[in-house]
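Notes follow the structure.
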Amino acid sequence: MFQKILIANRGEVALRIHRACREMGIRTVAVHSEADANAMHVRLADEAVCIGPARSTDSYLNKSAIISAALITGADAIHPGYGFLSENADFAEMVEEHGITFIGPTAEQMRLMGDKITARQAAIKAGLPVTPGSPALESVEHAIEWAHKIGYPVIVKAKDGGGGKGMKTAFNDEEMREAFTMAKAEAKASFPSDVVYMEKYLQKPRHIEMQVLADKYGHVVHLGERDCSIQRKNQKVIEESPSPALNAQQRKEIGETVRKAIEQIGYTNAGTLEFLYEDGKFYFLEMNTRLQVEHPITEAVSGIDIVREQIRIASGAELGYTQDDITFSGHAIECRINAENPETFTPCPGKVTEWHAPGGLGIRVDSEIYSGYSIPPFYDSMIAKLIVSGKTRNAALMRLRRALEEFVIEGVPNTIPLHQEIISQAEFIDGQYNIHWLENYMKNHQK
Ligand code: MV4
(Lines give C-alpha, C1' and ligand atoms only; values in the text may rest on other atoms or scores of the structure.)
Protein backbone atom coordinates (compact mmCIF):
# COMPACT_ATOMS: atom_id res chain seq x y z
CA MET A 1 0.00 0.00 0.00
CA PHE A 2 1.07 3.59 -0.60
CA GLN A 3 2.87 5.46 2.17
CA LYS A 4 2.12 8.95 0.93
CA ILE A 5 -0.38 10.36 -1.57
CA LEU A 6 -0.25 13.76 -3.22
CA ILE A 7 -3.69 15.27 -3.73
CA ALA A 8 -3.64 17.26 -6.97
CA ASN A 9 -6.75 19.30 -6.27
CA ARG A 10 -8.38 21.86 -3.97
CA GLY A 11 -11.71 22.43 -2.24
CA GLU A 12 -14.02 19.80 -0.84
CA VAL A 13 -12.68 16.99 -3.01
CA ALA A 14 -9.15 17.52 -1.65
CA LEU A 15 -10.62 17.07 1.86
CA ARG A 16 -12.56 14.02 0.72
CA ILE A 17 -9.37 12.33 -0.55
CA HIS A 18 -7.39 13.37 2.54
CA ARG A 19 -10.04 11.75 4.77
CA ALA A 20 -9.84 8.43 2.90
CA CYS A 21 -6.04 8.48 3.11
CA ARG A 22 -6.08 9.20 6.84
CA GLU A 23 -8.44 6.32 7.50
CA MET A 24 -6.06 4.04 5.55
CA GLY A 25 -2.98 5.21 7.46
CA ILE A 26 -1.58 7.00 4.40
CA ARG A 27 0.15 10.39 4.75
CA THR A 28 -1.01 13.24 2.50
CA VAL A 29 0.60 16.06 0.55
CA ALA A 30 -1.56 19.05 -0.37
CA VAL A 31 -0.67 21.28 -3.29
CA HIS A 32 -2.02 24.80 -3.48
CA SER A 33 -1.94 28.03 -5.42
CA GLU A 34 -0.85 31.34 -3.88
CA ALA A 35 -4.55 32.18 -3.44
CA ASP A 36 -5.16 29.01 -1.40
CA ALA A 37 -2.49 29.32 1.31
CA ASN A 38 -5.25 29.51 3.96
CA ALA A 39 -7.43 26.80 2.48
CA MET A 40 -8.69 23.93 4.63
CA HIS A 41 -7.09 21.27 2.41
CA VAL A 42 -3.70 22.85 3.13
CA ARG A 43 -4.37 22.89 6.88
CA LEU A 44 -5.44 19.25 7.05
CA ALA A 45 -2.68 17.66 4.99
CA ASP A 46 0.55 16.40 6.54
CA GLU A 47 2.59 18.52 4.13
CA ALA A 48 1.78 21.28 1.67
CA VAL A 49 3.56 22.61 -1.39
CA CYS A 50 2.78 25.89 -3.16
CA ILE A 51 2.71 25.12 -6.89
CA GLY A 52 2.14 28.56 -8.40
CA PRO A 53 0.01 31.68 -8.82
CA ALA A 54 -3.76 31.85 -8.35
CA ARG A 55 -4.80 31.14 -11.92
CA SER A 56 -5.53 27.42 -12.41
CA THR A 57 -3.40 27.26 -15.55
CA ASP A 58 -0.43 28.38 -13.43
CA SER A 59 -1.07 26.01 -10.51
CA TYR A 60 -3.69 23.21 -10.40
CA LEU A 61 -3.22 22.59 -14.14
CA ASN A 62 0.57 22.87 -14.02
CA LYS A 63 1.62 19.27 -14.65
CA SER A 64 5.35 19.62 -14.06
CA ALA A 65 4.90 21.70 -10.88
CA ILE A 66 2.64 19.00 -9.44
CA ILE A 67 4.94 16.14 -10.41
CA SER A 68 7.92 18.05 -8.98
CA ALA A 69 6.00 18.47 -5.70
CA ALA A 70 5.39 14.72 -5.61
CA LEU A 71 9.06 13.95 -6.28
CA ILE A 72 10.31 16.42 -3.66
CA THR A 73 7.96 15.12 -0.97
CA GLY A 74 8.45 11.46 -1.89
CA ALA A 75 4.80 10.78 -2.63
CA ASP A 76 4.26 7.39 -4.25
CA ALA A 77 0.88 8.15 -5.79
CA ILE A 78 -1.20 11.10 -7.03
CA HIS A 79 -4.97 11.38 -6.72
CA PRO A 80 -6.31 13.94 -9.23
CA GLY A 81 -9.83 14.35 -7.77
CA TYR A 82 -12.32 15.72 -10.32
CA GLY A 83 -11.93 18.60 -12.78
CA PHE A 84 -8.41 20.04 -13.32
CA LEU A 85 -6.10 17.22 -14.53
CA SER A 86 -8.37 14.32 -13.59
CA GLU A 87 -9.17 13.32 -17.19
CA ASN A 88 -5.89 14.40 -18.74
CA ALA A 89 -4.27 11.29 -20.23
CA ASP A 90 -0.97 13.08 -20.86
CA PHE A 91 -0.75 13.93 -17.16
CA ALA A 92 -1.51 10.33 -16.14
CA GLU A 93 1.23 9.16 -18.49
CA MET A 94 3.73 11.73 -17.18
CA VAL A 95 2.99 10.73 -13.58
CA GLU A 96 3.63 7.05 -14.35
CA GLU A 97 6.83 7.88 -16.29
CA HIS A 98 8.19 9.40 -13.08
CA GLY A 99 7.59 6.18 -11.17
CA ILE A 100 4.52 7.57 -9.39
CA THR A 101 1.14 5.81 -9.47
CA PHE A 102 -1.75 7.72 -11.01
CA ILE A 103 -4.91 6.89 -9.03
CA GLY A 104 -7.32 6.29 -11.87
CA PRO A 105 -7.53 4.36 -15.13
CA THR A 106 -4.52 4.03 -17.46
CA ALA A 107 -3.73 6.82 -19.94
CA GLU A 108 -4.80 4.50 -22.75
CA GLN A 109 -8.20 3.81 -21.15
CA MET A 110 -8.66 7.54 -20.56
CA ARG A 111 -7.93 8.27 -24.22
CA LEU A 112 -10.30 5.56 -25.49
CA MET A 113 -13.23 6.50 -23.25
CA GLY A 114 -12.49 10.25 -23.12
CA ASP A 115 -13.02 10.76 -26.86
CA LYS A 116 -16.74 10.76 -27.70
CA ILE A 117 -16.41 8.97 -31.04
CA THR A 118 -14.06 6.21 -29.88
CA ALA A 119 -16.04 5.82 -26.64
CA ARG A 120 -19.24 5.40 -28.68
CA GLN A 121 -17.53 2.78 -30.88
CA ALA A 122 -16.17 0.94 -27.84
CA ALA A 123 -19.62 1.11 -26.22
CA ILE A 124 -21.34 -0.35 -29.29
CA LYS A 125 -18.75 -3.13 -29.50
CA ALA A 126 -19.22 -3.88 -25.81
CA GLY A 127 -22.98 -4.22 -26.18
CA LEU A 128 -24.13 -0.92 -24.69
CA PRO A 129 -27.25 0.63 -26.22
CA VAL A 130 -26.67 3.94 -28.05
CA THR A 131 -28.90 6.37 -29.95
CA PRO A 132 -29.09 5.78 -33.72
CA GLY A 133 -26.31 7.94 -35.17
CA SER A 134 -24.38 8.94 -38.28
CA PRO A 135 -20.68 8.94 -39.20
CA ALA A 136 -18.87 12.31 -39.59
CA LEU A 137 -20.99 14.59 -41.77
CA GLU A 138 -19.31 15.90 -44.93
CA SER A 139 -21.87 18.42 -46.21
CA VAL A 140 -25.42 19.75 -45.76
CA GLU A 141 -26.62 17.21 -48.37
CA HIS A 142 -24.90 14.38 -46.52
CA ALA A 143 -26.47 15.59 -43.27
CA ILE A 144 -29.97 15.68 -44.78
CA GLU A 145 -29.47 12.19 -46.22
CA TRP A 146 -28.60 10.88 -42.74
CA ALA A 147 -31.43 12.80 -41.08
CA HIS A 148 -33.85 10.94 -43.38
CA LYS A 149 -32.24 7.61 -42.53
CA ILE A 150 -32.44 8.26 -38.78
CA GLY A 151 -35.72 10.19 -38.86
CA TYR A 152 -36.37 13.65 -37.40
CA PRO A 153 -35.85 15.06 -34.84
CA VAL A 154 -32.06 14.77 -34.81
CA ILE A 155 -29.27 16.52 -32.94
CA VAL A 156 -25.99 17.58 -34.56
CA LYS A 157 -23.05 17.25 -32.18
CA ALA A 158 -19.41 18.30 -32.41
CA LYS A 159 -17.02 15.33 -32.17
CA ASP A 160 -14.98 17.15 -29.51
CA GLY A 161 -17.98 18.95 -27.98
CA GLY A 162 -18.74 19.36 -24.34
CA GLY A 163 -21.06 21.30 -22.10
CA GLY A 164 -23.71 21.46 -24.81
CA LYS A 165 -21.55 23.63 -27.09
CA GLY A 166 -21.75 22.88 -30.79
CA MET A 167 -25.06 20.99 -30.35
CA LYS A 168 -28.01 21.88 -32.60
CA THR A 169 -31.36 20.16 -33.03
CA ALA A 170 -33.29 19.88 -36.28
CA PHE A 171 -36.92 18.85 -36.82
CA ASN A 172 -36.99 19.15 -40.63
CA ASP A 173 -34.74 19.72 -43.68
CA GLU A 174 -34.87 23.50 -43.38
CA GLU A 175 -33.71 23.39 -39.77
CA MET A 176 -31.12 20.79 -40.74
CA ARG A 177 -29.37 23.19 -43.12
CA GLU A 178 -28.99 25.73 -40.35
CA ALA A 179 -28.14 23.16 -37.63
CA PHE A 180 -25.32 21.66 -39.68
CA THR A 181 -23.79 25.05 -40.57
CA MET A 182 -24.13 26.45 -37.02
CA ALA A 183 -22.82 23.34 -35.27
CA LYS A 184 -19.82 23.19 -37.60
CA ALA A 185 -19.04 26.91 -37.09
CA GLU A 186 -19.34 26.60 -33.30
CA ALA A 187 -17.14 23.52 -33.31
CA LYS A 188 -14.53 25.28 -35.43
CA ALA A 189 -14.48 28.24 -33.01
CA SER A 190 -14.35 26.19 -29.80
CA PHE A 191 -12.79 22.77 -30.36
CA PRO A 192 -9.68 21.19 -31.89
CA SER A 193 -11.78 19.56 -34.60
CA ASP A 194 -14.81 20.91 -36.51
CA VAL A 195 -16.05 17.40 -37.29
CA VAL A 196 -19.76 17.00 -36.53
CA TYR A 197 -22.10 13.99 -36.56
CA MET A 198 -25.75 13.43 -35.71
CA GLU A 199 -27.91 11.33 -33.44
CA LYS A 200 -31.62 10.77 -33.04
CA TYR A 201 -32.75 13.57 -30.72
CA LEU A 202 -34.42 12.42 -27.50
CA GLN A 203 -36.85 15.13 -26.49
CA LYS A 204 -37.60 14.40 -22.84
CA PRO A 205 -34.89 12.14 -21.44
CA ARG A 206 -33.61 11.75 -17.91
CA HIS A 207 -29.87 11.80 -17.29
CA ILE A 208 -29.03 8.58 -15.46
CA GLU A 209 -25.47 7.46 -14.85
CA MET A 210 -24.01 4.17 -13.60
CA GLN A 211 -21.05 4.00 -11.20
CA VAL A 212 -18.55 1.19 -11.72
CA LEU A 213 -15.44 -0.09 -9.95
CA ALA A 214 -12.96 -2.40 -11.68
CA ASP A 215 -9.73 -3.86 -10.35
CA LYS A 216 -6.64 -4.82 -12.35
CA TYR A 217 -7.64 -8.50 -12.48
CA GLY A 218 -10.83 -8.19 -14.49
CA HIS A 219 -13.26 -8.00 -11.57
CA VAL A 220 -15.99 -5.43 -12.15
CA VAL A 221 -18.92 -4.30 -10.01
CA HIS A 222 -21.53 -1.60 -10.51
CA LEU A 223 -22.77 0.52 -7.63
CA GLY A 224 -26.14 1.37 -9.07
CA GLU A 225 -27.31 4.56 -10.70
CA ARG A 226 -27.58 8.28 -10.02
CA ASP A 227 -30.32 10.41 -11.51
CA CYS A 228 -28.77 13.76 -12.43
CA SER A 229 -31.64 15.23 -14.43
CA ILE A 230 -32.05 18.30 -12.20
CA GLN A 231 -29.59 20.57 -14.03
CA ARG A 232 -29.31 23.96 -15.66
CA LYS A 233 -26.87 25.02 -18.35
CA ASN A 234 -25.14 21.65 -18.13
CA GLN A 235 -24.45 22.10 -14.42
CA LYS A 236 -25.94 19.49 -12.14
CA VAL A 237 -27.93 20.99 -9.27
CA ILE A 238 -29.48 18.00 -7.44
CA GLU A 239 -28.67 14.31 -7.83
CA GLU A 240 -30.35 11.28 -6.30
CA SER A 241 -29.90 7.55 -5.99
CA PRO A 242 -31.76 5.38 -6.77
CA SER A 243 -33.51 7.06 -9.70
CA PRO A 244 -37.25 7.49 -9.09
CA ALA A 245 -37.72 6.29 -12.70
CA LEU A 246 -36.25 2.79 -12.33
CA ASN A 247 -37.48 -0.37 -10.66
CA ALA A 248 -35.24 -3.10 -9.24
CA GLN A 249 -35.47 -5.22 -12.39
CA GLN A 250 -34.44 -2.35 -14.70
CA ARG A 251 -31.54 -1.50 -12.35
CA LYS A 252 -30.37 -5.10 -12.42
CA GLU A 253 -30.56 -5.24 -16.20
CA ILE A 254 -28.68 -2.02 -16.97
CA GLY A 255 -26.24 -2.83 -14.15
CA GLU A 256 -25.39 -6.20 -15.66
CA THR A 257 -25.10 -4.71 -19.17
CA VAL A 258 -22.69 -2.08 -17.87
CA ARG A 259 -20.70 -4.55 -15.79
CA LYS A 260 -20.14 -6.83 -18.78
CA ALA A 261 -19.24 -3.88 -21.04
CA ILE A 262 -16.60 -2.62 -18.61
CA GLU A 263 -15.24 -6.15 -18.29
CA GLN A 264 -14.93 -6.36 -22.09
CA ILE A 265 -13.40 -2.91 -22.48
CA GLY A 266 -10.84 -3.78 -19.79
CA TYR A 267 -11.29 -0.50 -17.95
CA THR A 268 -9.82 -0.17 -14.45
CA ASN A 269 -10.50 1.94 -11.33
CA ALA A 270 -13.66 4.02 -10.77
CA GLY A 271 -15.72 5.26 -13.69
CA THR A 272 -19.17 6.49 -14.59
CA LEU A 273 -21.21 5.71 -17.67
CA GLU A 274 -23.66 8.45 -18.60
CA PHE A 275 -26.94 7.52 -20.24
CA LEU A 276 -30.03 9.27 -21.48
CA TYR A 277 -33.13 7.39 -20.38
CA GLU A 278 -36.46 7.75 -22.16
CA ASP A 279 -39.55 5.52 -22.44
CA GLY A 280 -37.93 2.70 -20.51
CA LYS A 281 -34.78 2.58 -22.67
CA PHE A 282 -31.16 3.56 -22.00
CA TYR A 283 -28.83 5.27 -24.50
CA PHE A 284 -25.12 5.55 -23.71
CA LEU A 285 -23.83 9.14 -23.98
CA GLU A 286 -20.26 9.21 -22.67
CA MET A 287 -18.01 7.96 -19.89
CA ASN A 288 -16.36 9.91 -17.11
CA THR A 289 -13.04 8.34 -16.24
CA ARG A 290 -12.75 10.01 -12.83
CA LEU A 291 -14.28 10.34 -9.39
CA GLN A 292 -17.43 12.47 -9.68
CA VAL A 293 -18.80 15.30 -7.57
CA GLU A 294 -21.96 13.31 -6.83
CA HIS A 295 -20.21 10.08 -5.72
CA PRO A 296 -21.39 10.42 -2.08
CA ILE A 297 -25.01 9.51 -2.88
CA THR A 298 -23.74 6.20 -4.24
CA GLU A 299 -21.64 5.71 -1.10
CA ALA A 300 -24.75 6.37 0.99
CA VAL A 301 -26.87 3.68 -0.70
CA SER A 302 -24.12 1.09 -1.30
CA GLY A 303 -22.04 1.53 1.85
CA ILE A 304 -18.87 1.49 -0.29
CA ASP A 305 -16.15 4.14 0.17
CA ILE A 306 -15.40 4.92 -3.48
CA VAL A 307 -12.19 6.89 -2.86
CA ARG A 308 -10.83 4.13 -0.64
CA GLU A 309 -11.60 1.64 -3.40
CA GLN A 310 -9.85 3.85 -5.99
CA ILE A 311 -6.72 3.88 -3.83
CA ARG A 312 -6.86 0.13 -3.15
CA ILE A 313 -7.35 -0.67 -6.85
CA ALA A 314 -4.49 1.63 -7.90
CA SER A 315 -2.18 -0.05 -5.38
CA GLY A 316 -2.88 -3.41 -7.05
CA ALA A 317 -5.35 -4.81 -4.51
CA GLU A 318 -8.23 -7.00 -5.64
CA LEU A 319 -11.80 -5.80 -5.21
CA GLY A 320 -12.36 -8.79 -2.91
CA TYR A 321 -16.15 -8.88 -3.42
CA THR A 322 -18.54 -9.59 -6.26
CA GLN A 323 -21.75 -8.01 -7.49
CA ASP A 324 -23.78 -10.36 -5.30
CA ASP A 325 -22.07 -8.99 -2.20
CA ILE A 326 -23.30 -5.48 -2.94
CA THR A 327 -26.65 -4.51 -1.53
CA PHE A 328 -28.39 -1.19 -1.96
CA SER A 329 -30.42 0.28 0.83
CA GLY A 330 -32.35 3.48 1.32
CA HIS A 331 -32.34 6.65 -0.72
CA ALA A 332 -29.84 9.52 -0.95
CA ILE A 333 -30.08 13.05 -2.38
CA GLU A 334 -27.31 15.58 -2.92
CA CYS A 335 -27.70 19.36 -3.26
CA ARG A 336 -24.80 21.31 -4.72
CA ILE A 337 -24.52 24.59 -2.87
CA ASN A 338 -22.83 27.31 -4.91
CA ALA A 339 -21.80 30.81 -3.90
CA GLU A 340 -23.62 32.68 -6.62
CA ASN A 341 -26.02 35.49 -7.31
CA PRO A 342 -29.56 34.01 -7.15
CA GLU A 343 -30.80 36.15 -10.06
CA THR A 344 -27.91 35.97 -12.52
CA PHE A 345 -26.26 32.76 -11.29
CA THR A 346 -22.87 34.39 -11.65
CA PRO A 347 -20.28 33.31 -9.05
CA CYS A 348 -20.13 35.49 -5.93
CA PRO A 349 -16.82 35.03 -4.14
CA GLY A 350 -16.33 36.76 -0.79
CA LYS A 351 -15.94 36.24 2.93
CA VAL A 352 -18.10 33.68 4.69
CA THR A 353 -18.92 35.51 7.91
CA GLU A 354 -21.08 32.80 9.51
CA TRP A 355 -21.04 29.07 8.81
CA HIS A 356 -23.08 26.40 10.53
CA ALA A 357 -23.54 23.10 8.73
CA PRO A 358 -26.52 20.87 9.55
CA GLY A 359 -25.96 17.57 11.33
CA GLY A 360 -27.76 14.57 12.71
CA LEU A 361 -28.67 11.13 11.42
CA GLY A 362 -28.42 10.70 7.65
CA ILE A 363 -26.66 14.01 7.00
CA ARG A 364 -23.28 14.47 5.33
CA VAL A 365 -21.78 17.83 4.44
CA ASP A 366 -18.65 17.83 2.28
CA SER A 367 -17.15 21.31 2.24
CA GLU A 368 -13.88 23.20 2.61
CA ILE A 369 -15.59 26.24 4.14
CA TYR A 370 -15.04 27.52 7.67
CA SER A 371 -16.30 30.64 9.41
CA GLY A 372 -14.16 33.59 8.33
CA TYR A 373 -12.92 31.90 5.13
CA SER A 374 -12.61 34.09 2.05
CA ILE A 375 -13.74 32.30 -1.12
CA PRO A 376 -11.19 33.18 -3.80
CA PRO A 377 -12.60 34.36 -7.16
CA PHE A 378 -10.45 32.07 -9.33
CA TYR A 379 -12.17 28.72 -9.06
CA ASP A 380 -15.49 26.87 -9.21
CA SER A 381 -18.36 28.40 -7.23
CA MET A 382 -19.42 25.18 -5.47
CA ILE A 383 -18.85 25.67 -1.72
CA ALA A 384 -20.61 22.66 -0.22
CA LYS A 385 -22.40 19.43 -0.98
CA LEU A 386 -25.27 18.48 1.29
CA ILE A 387 -25.98 14.75 1.11
CA VAL A 388 -28.95 13.33 2.97
CA SER A 389 -30.09 9.75 3.19
CA GLY A 390 -33.15 7.99 4.55
CA LYS A 391 -34.90 4.66 4.38
CA THR A 392 -37.24 5.86 1.67
CA ARG A 393 -37.21 8.71 -0.86
CA ASN A 394 -39.83 10.50 1.18
CA ALA A 395 -37.79 10.15 4.38
CA ALA A 396 -34.74 11.55 2.56
CA LEU A 397 -36.82 14.45 1.23
CA MET A 398 -38.20 15.35 4.67
CA ARG A 399 -34.67 15.22 6.05
CA LEU A 400 -33.35 17.37 3.21
CA ARG A 401 -35.99 20.00 3.94
CA ARG A 402 -34.94 20.02 7.59
CA ALA A 403 -31.21 20.17 6.78
CA LEU A 404 -31.54 23.06 4.31
CA GLU A 405 -33.46 24.99 6.98
CA GLU A 406 -30.68 24.34 9.51
CA PHE A 407 -27.85 25.40 7.20
CA VAL A 408 -26.43 28.85 7.99
CA ILE A 409 -24.22 30.53 5.38
CA GLU A 410 -23.75 34.26 5.74
CA GLY A 411 -21.62 36.70 3.79
CA VAL A 412 -22.10 35.22 0.32
CA PRO A 413 -25.33 34.70 -1.63
CA ASN A 414 -25.83 31.01 -2.33
CA THR A 415 -28.16 28.44 -3.85
CA ILE A 416 -29.84 27.18 -0.64
CA PRO A 417 -33.07 29.12 -1.44
CA LEU A 418 -33.08 27.60 -4.94
CA HIS A 419 -32.84 24.09 -3.47
CA GLN A 420 -35.68 24.85 -1.05
CA GLU A 421 -37.82 25.99 -3.94
CA ILE A 422 -37.03 22.98 -6.14
CA ILE A 423 -37.77 20.40 -3.48
CA SER A 424 -41.15 21.95 -2.72
CA GLN A 425 -42.38 21.50 -6.31
CA ALA A 426 -44.89 18.73 -7.01
CA GLU A 427 -42.90 17.41 -9.99
CA PHE A 428 -39.78 17.00 -7.88
CA ILE A 429 -41.67 15.47 -4.97
CA ASP A 430 -43.29 12.99 -7.37
CA GLY A 431 -39.97 12.25 -9.11
CA GLN A 432 -41.56 13.33 -12.41
CA TYR A 433 -38.82 15.36 -14.03
CA ASN A 434 -36.47 15.24 -17.01
CA ILE A 435 -33.31 17.16 -18.05
CA HIS A 436 -35.38 20.19 -19.12
CA TRP A 437 -37.55 20.49 -16.01
CA LEU A 438 -35.41 22.96 -14.01
CA GLU A 439 -34.75 25.33 -16.91
CA ASN A 440 -38.44 25.33 -17.86
CA TYR A 441 -39.44 25.87 -14.25
CA MET A 442 -37.06 28.82 -13.88
CA LYS A 443 -38.19 30.38 -17.15
CA ASN A 444 -41.80 30.25 -15.94
CA HIS A 445 -41.06 31.54 -12.44
CA GLN A 446 -38.79 34.51 -13.07
CA LYS A 447 -39.04 37.10 -10.33
C1 MV4 B 1 -28.46 14.48 -26.32
C2 MV4 B 1 -29.74 14.94 -25.93
C3 MV4 B 1 -30.84 14.41 -26.59
N4 MV4 B 1 -30.68 13.48 -27.57
N5 MV4 B 1 -28.36 13.56 -27.29
C6 MV4 B 1 -25.97 17.55 -23.61
C7 MV4 B 1 -24.57 17.51 -23.13
C8 MV4 B 1 -23.92 16.41 -23.84
N9 MV4 B 1 -23.02 15.74 -22.99
C10 MV4 B 1 -25.04 15.53 -24.32
N11 MV4 B 1 -26.23 16.29 -24.23
C12 MV4 B 1 -27.41 15.86 -24.76
N13 MV4 B 1 -27.35 14.92 -25.73
C14 MV4 B 1 -29.44 13.07 -27.90
N15 MV4 B 1 -29.29 12.16 -28.87
C16 MV4 B 1 -29.82 15.89 -24.91
C17 MV4 B 1 -28.65 16.36 -24.32
C18 MV4 B 1 -28.79 17.31 -23.25
C19 MV4 B 1 -28.43 16.98 -21.92
C20 MV4 B 1 -27.91 15.74 -21.57
C21 MV4 B 1 -27.58 15.44 -20.28
C22 MV4 B 1 -27.74 16.37 -19.28
C23 MV4 B 1 -28.25 17.60 -19.58
C24 MV4 B 1 -28.60 17.93 -20.90
C25 MV4 B 1 -29.12 19.19 -21.19
C26 MV4 B 1 -29.46 19.50 -22.48
C27 MV4 B 1 -29.29 18.57 -23.51
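The values are calculated or read from the model by the stated rules, or taken from the named source; none is laboratory data. Predicted, not measured: the structure shown is a model, and the values here were computed from it. FYI the Cβ positions are ideal-geometry reconstructions off the backbone, even for glycines, and counts take in every protein chain you see.
Out of everything in segment 112-131 that is at pLDDT 95 or above and within 13 Å of the ligand (Cβ to nearest atom), what residue ends up being farthest from Ala92 (Cα to Cα)? Filtering first and then ranking leaves Thr131. Whether a residue is farther than 19 Å from Gly133 by Cβ, at pLDDT 95 or above, over 19 Å from the mean Cα position of the chain (by Cα) and aromatic (Phe, Trp, Tyr) was assessed, and Tyr267 does not pass this test. Between Ile363, Ile409, Ile387, Ile337, the distinction of being more than 24 Å from Ser302 (Cα to Cα) and of a type outside the set (Gly, Ala, Ser) belongs to Ile409 only.
State whether the residues of segment 227-237 include one that is of a type in the set (Ser, Thr, Tyr), closer than 18 Å to Arg393 by Cα and not assigned by TED's automatic domain parsing to the domain that holds Lys165. Break it down stepwise before answering.
So in segment 227-237, the residues of a type in the set (Ser, Thr, Tyr) come out as 229.
If we keep only those that are closer than 18 Å to Arg393 by Cα too, we end up with 229.
Pick out the ones that are also not assigned by TED's automatic domain parsing to the domain that holds Lys165 and you get 229.
The answer is yes; a qualifying residue exists.
The residues listed here are Ile150, Ile78, Ile144; of these, the one that is in contact with a Pro (Cβ under 6 Å, 6 or more places away or on another chain), surrounded by 15 or more Cβ atoms within 10 Å (Cβ to Cβ) and among the β-branched types (Val, Ile, Thr) is Ile150.
Taking the stated definitions as given, is Thr181 outside any helix (DSSP H, G or I) and not assigned by TED's automatic domain parsing to the domain that holds Thr257? When the stated conditions are applied, Thr181 does not pass them. Note on segment 403-447: enclosed helices (runs of 4 or more DSSP H) holding 3 or more residues that are modelled with pLDDT of 95 or more and under 29 Å from Pro349 (Cβ atoms) are 416-422, 437-444. Among the helices (runs of 4 or more DSSP H) confined to segment 56-137, the ones with at least 2 residues that are closer than 22 Å to Gly255 by Cα and out of contact with any Lys or Arg (no Cβ under 7 Å at 6 or more places or on another chain) are located at 107-114, 116-125. With respect to the stated conditions, Lys159 fails to be free of Cβ contacts under 8 Å to residues at least 24 places away in the same chain and within 13 Å of the ligand (Cβ to nearest atom). When Arg290 is tested against (1) of a type in the set (Lys, Arg); (2) more than 24 Å from Gly81 (Cα to Cα); (3) within 16 Å of the ligand (Cβ to nearest atom), only condition (2) is not met. Within segment 333-392, the residues that satisfy the criterion of being farther than 23 Å from Leu44 by Cα and of a type in the set (S, T, N, Q) are Asn341, Thr344, Thr346, Ser389, Thr392. Within segment 326-365, restricting attention to residues that are under 27 Å from Ala396 (Cα atoms) and of a type in the set (Lys, Arg), the residue that is nearest to the chain's Cα centre (by Cα) is Arg336.
Within segment 158-194, the set of residues being more than 25 Å from the chain's Cα centre (by Cα) and among the β-branched types (Val, Ile, Thr) comprises Thr181 only.
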